[in-house]
Every structure is written in C-alpha cells, then in structure tokens.
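Here is the structure we will look at, set down as structure tokens.
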Amino acid sequence: MSTGSNERPATAPAFSVLLARHPPVEGADGLCYGRSDLPLATGWHDHVASWAALWKGREQGTLYTSPSTRCRRAAQALLASLPDFTSITSDARLLEMDFGSWEGRAWSKIDRGALDEWAADPLGYRPGGGETVTSLIERVTAFWEERIEAAEPCCVITHGGPLRVLLALAEGRSFRMEDRAPAQGHAVLLHFFNNHGRFVARIPPIR
C-alpha cells in the first residue's frame, strides 16, 4: 500500500480520527453476513454514547458511515448527541466485504473445499463469487488517503473488514490477514501529529 499521501507540509495541523465498528447485531452467531443487514441488538445506544464521550471536546469533524443500516442508525444517533458533527456522509467504500452467494448462510454449511480454496489464496479468492480481499483493501485505501490528504478530523463508522484495513493504514503499513478488528460497538480514537511533514498515529493494541 502506498503511504505517499501521508506526506504533508510541515505547517499542516494535527487532527483526530475516531474509527468505530457498528454496535452488536442480533442473529449473527455462526452466520456469514458481510453485506446482509441484521438488526442492532438491544442496548446498542450505550455503545454510541461511549463513542460520543471519546470525541467530546475535540475539534469539529465530519461523520462518515457505511451505507449499511446497522452503521447508518448508529451514525444518526451519534449525530444527534454530538454538535461537533453537522451532517452524515454515506460512503460505499466503507461497506463490509461482499461474500456473494455465501451471504446469510451458516459458516458450517459452506463447502469445506471452497473455504480451503480461500485459505490458499486469501487475497485473490472471491468467496461465494463476491469480492476479493484485495478489492476491499483498494477501496478502503482510496477512502483513507482522501481523509489524510485533507488532514480531516472525522468519525468513521464501518465494519470489521474495513476497520482492519484502516488501522493498518493508520500505522503506515500493509494489511495483514491476521490483523484484528475492534469488537462490535468498540471504537479507537487516533491522534495524528505532524512528524517532519508525515502524519503518524499512535494506536492502542487490539485485544
């Protein structure tokens, strides 16, 4: 992945980015549901309140969300509680990976041979004829580079797959298949500072 867009003039300001994974959903146990919309679980507003507390007192920013209902509902609730965000921008590049014909199926019911083929080519295989991990990386990288180029304070509400890529990009390195995402409903607040014209983020470890 290119990190060239991280290069900024020495006078560029520092800024913050809040990366949030949508709150927990109902009916997801053992299910492949990348693009499938599942309802948010009871108590989901508590997670959004914790995001608001993380951002409170920071600079005015832009709120970006995946078009999925589970992300948009959380974004609308966050917008209502934080005057620092004035509008919501829905961006399809933040959608979860498309699993094609695997969508909505139990992982245990998916052909073992197909899963082995994916394991043999984790970046290039199209699970269920859907999207490759490489395609996911490319679209999420394009979104991220725009935010960094603009040095834009923002909150990004998305899914586990895109978040794994975003956190790798924030560290200035390539995505690894073993990278982990925050749990559903969790958020990571990144502080970018100017280090000789390059923005660098300090990221806590993902448990």
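The values are calculated or read from the model by the stated rules, or taken from the named source; none is laboratory data. Note that the coordinates shown come from a computational prediction; the quantities given were computed from them, not determined experimentally. Glycine gets a Cβ as well: all are built from the backbone with ideal geometry, and neighbour counts include every protein chain shown. These area figures cover heavy atoms from the full protein model, side chains too; ligands, DNA and RNA do not enter into them. Shrake-Rupley method; radii C 1.70, N 1.55, O 1.52, S 1.80 Å.
Of note:
- Among the conditions (1) in contact with a helix residue (DSSP H, G or I) (Cβ under 6 Å, 6 or more places away or on another chain); (2) within 28 Å of H186 (Cα to Cα), the only one that Y125 does not satisfy is (2).
- Of E131, E138, all but one fail to be at pLDDT 95 or above and under 25 Å from P23 (Cβ atoms); the exception is E131.
- Total residues in segment 141-163 satisfying the condition of being among the small types (G, A, S), in contact with a strand residue (DSSP E or B) (Cβ under 8 Å, 6 or more places away or on another chain) and modelled with pLDDT under 95: the figure is 1.
- Meets criteria (open to solvent by 70 Å² or more (accessible area, probe 1.4 Å) and at positive phi) for G57: yes
- Screening Q76 with (1) assigned to a loop (DSSP other than H, G, I, E, B); (2) over 19 Å from P162 (Cα atoms) gives one miss only, at (1).
- Segment 79-105, residues that are assigned to a helix (DSSP H, G or I), open to solvent by less than 20 Å² (accessible area, probe 1.4 Å) and within 21 Å of F143 (Cα to Cα): L94
- Just so you know, in segment 142-167 the residues that are over 11 Å from the mean Cα position of the chain (by Cα) and open to solvent by less than 20 Å² (accessible area, probe 1.4 Å) include one that is farthest from P24 (Cα to Cα), and it is A151.
- Checked against (1) of a type in the set (A, V, I, L, M, F, W, C); (2) within 16 Å of the chain's Cα centre (by Cα); (3) modelled with pLDDT of 95 or more, L40 passes all but condition (2).
- Checking G124 against (1) part of a loop (DSSP other than H, G, I, E, B); (2) small (G, A, S); (3) in contact (Cβ under 8 Å) with a residue 60 or more places away in the chain, the condition it does not meet: (3)
- Within segment 45-64, tally of residues that are under 16 Å from the mean Cα position of the chain (by Cα) and at pLDDT below 95: 1
- Within segment 52-102, being within 16 Å of L40 (Cβ to Cβ) and among the basic types (K, R) holds for R70, R72, R73.
- Residue within segment 109-117 that is in contact with a Pro (Cβ under 8 Å, 6 or more places away or on another chain), surrounded by fewer than 16 Cβ atoms within 10 Å (Cβ to Cβ) and in contact (Cβ under 8 Å) with a residue 12 or more places away in the chain present: yes
- Residue pairs meeting the criteria (Cβ under 8 Å; at least 6 apart or on separate chains; first closer than 17 Å to S87 by Cβ, in segment 141-162; second in a loop (DSSP other than H, G, I, E, B) and of a type outside the set (D, E)): P153/R58; P153/Q60; I157/H22; I157/S66
- Flag for R173 being part of a helix (DSSP H, G or I) and either among the basic types (K, R) or over 18 Å from the mean Cα position of the chain (by Cα) (or both): no
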